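Working notes for the structure below.
The values are calculated or read from the model by the stated rules, or taken from the named source; none is laboratory data. Quick caveat: nothing in here was measured; it's all calculated off a predicted structure. Cβ placement follows ideal geometry from the backbone for every residue including glycine, while neighbour counts extend to all protein chains displayed. In case anyone asks, the SASA skips ligands and DNA or RNA and just uses the protein heavy atoms, side chains included. Shrake-Rupley method; radii C 1.70, N 1.55, O 1.52, S 1.80 Å.
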Amino acid sequence: MIEYRPLRIALLGAGSVGSQVAKILLENKKELALRVGAELELVGVLVRDKQSVRDYQIPTELLTTSPEALILGADIVIEVLGGIEPARTYILQALNSGSDVITANKALLANNGEELFEAAEQVGAQLYFEAAVAGAIPIIRPLRESLAGDKVRRIMGIVNGSTNYILDRMDSTGVSLKQAMEEATKLGYLEADPTLDIEGYDAAQKAAILASLAFHTEVPIDRVYREGISKITSEQIAAAKRDGYVIKLLAICEKISATETEPEGISVRVYPAMIPLEHPLASVRGAFNAVFVEAEAAGSLMFYGSGAGGLQTASAIMGDLVSAAKRHVAGGPGLADSAHADLPVLPISRVTTRYQITLAVSDQPGVLAQIASIFAEHGVSIETVEQSAKMIEAETTAWLEIGTHLATDLSLAAVVAALQSSSAVEEVTSVIRVEGE
Ligand code: NDP
Ligand code: HSE
């Protein structure tokens, strides 16, 4: 039954995502009204250029280039402009006027989230952001609500579709990073500034959002450790495959216990790593995303689906819109996050992981012993060693592929530095972390 007054929805942006949100809102109007108990009336759509051709042709009378009147006259504002400004200013205007806001803007949340959530709290408004991480995949709501009574231990996710596509193409066809990047560019997978994807910035923004929800802690984006995929070679991909692994760009958020001298905290990091082929994330192919969550009571959970795409992302926005609209109709407190745990975000040196290191060494007596002693000096235990040799001119070069047991990143980094300056080592050809075992 529809007894409530129509709710006024302002849409800021009508690009890939915004135009699909407008389409769903206009085409599913009746069905949405029945679900919510009030009509959702799209009162205006903010754009830069009213003449642009769009994926969905929005009625011209709805398009506007004047933000203020649109924002101030709305019950719920949907921000799908992207970027920091003017999105930040518009969201603050909306929240300060008491409107609920829905955003897909991971960059803004990762950089200015604290300010936005504070503004929302001051006036009792809600800020929803399901679409900001992993597109269509419901992961924010499970962390905010479904797992709110549990304790999350670890999140390991593939949250950037374009880099997953690139690594997958390198793995399945043997193409180089450059060729795979060209394919991804042609398919429109990469951001306008591809370094956001390739160097892991996009994944780091998403990791900061996931970690803050999972561990009830503010996670400033500059505390997220980040390495991208720009140095990953076809040789590393092939070697991983030979050994039963696949290389993925992982976003990892985990709780780290206190030691005798160091406090408890969380680690939030993004880097390419080898994962065993049997791990659920290994089967995430193409531009798909997946998030693997380990919680104390729930055990392991896997969330999988489309991490991007206008229509897919619009689905997540519409879910938030229905929730926000129902709150208007039925009242209630809405979702509330808190940073009550206030855990320190620890440096990468505190992380415990495993490395796979490949070295070129001269094939001489005693070299292996020298290498082994470097690992021993830094307290890093070797798990596997494989050697292959090849005659190059008069000299024989041996390649050693060394897999370590778990050790702190601090010790592993010290081992790599010592290997690089050792006279026994011609070259350290590959260093990559191993996760998911
Ligand atoms: P687009 O670049 O396709 O669209 C941006 C829209 O915002 C355009 O309609 C543009 O107007 C409008 N706009 C931008 N700046 C202004 C401004 N200053 N004033 C008025 N209008 C403005 O972006 P997307 O739809 O791809 O992305 C939107 C948001 O969703 C971003 O935060 C992005 O990170 C996020 N997101 C996107 C995903 C995707 O698959 N595309 C997936 C997950 C999240 P005009 O049309 O006139 O140029
Ligand atoms: N550039 C992002 C990706 C888009 O490749 O996943 C979705 O956030």
Scanning region 128-180 for residues that are in a loop (DSSP other than H, G, I, E, B) and surrounded by fewer than 24 Cβ atoms within 10 Å (Cβ to Cβ) gives ALA136, PRO138, LEU147, ALA148, GLY149, ASP150, LYS151, GLY174, VAL175, SER176
Look at GLU182 and say whether it is out of contact with any Gly (no Cβ under 9 Å at 6 or more places or on another chain), within 16 Å of ligand 2 (Cβ to nearest atom) and not aromatic (Phe, Trp, Tyr). yes
Return the total of residues in region 78-108 being open to solvent by less than 10 Å² (accessible area, probe 1.4 Å) and part of a helix (DSSP H, G or I). 5
Test of understanding: among THR163, THR103, which residue is more than 20 Å from GLU199 (Cβ to Cβ), modelled with pLDDT of 95 or more, within 16 Å of ligand 2 (Cβ to nearest atom) and among the polar types (S, T, N, Q)? THR103
Across (1) more than 16 Å from ligand 2 (Cβ to nearest atom); (2) open to solvent by 20 Å² or more (accessible area, probe 1.4 Å); (3) of a type in the set (S, T, N, Q), ASN111 clears everything bar (1)
Anything in region 59-73 that is closer than 20 Å to ILE102 by Cα and either more than 31 Å from the chain's Cα centre (by Cα) or basic (Lys, Arg) (or both)? List them, or say none. LEU62, LEU63, THR64, THR65, SER66, GLU68, ALA69, LEU70, LEU72, GLY73
Is it the case, given these coordinates, that ILE266 is touching a strand residue (DSSP E or B) at 6+ places or on another chain (Cβ under 6 Å), outside any strand (DSSP E or B) and in contact (Cβ under 8 Å) with a residue 60 or more places away in the chain? no
Condition test on GLN93, is it over 27 Å from ALA119 (Cα atoms) and touching an Asp or Glu at 6+ places or on another chain (Cβ under 8 Å)? no
List pairs: first in region 63-78 and near ligand 1 (Cβ under 10 Å from one of its atoms), second open to solvent by 20 Å² or more (accessible area, probe 1.4 Å) and aromatic (Phe, Trp, Tyr), Cβ under 8 Å, 6+ apart or cross-chain? PRO67/TYR90
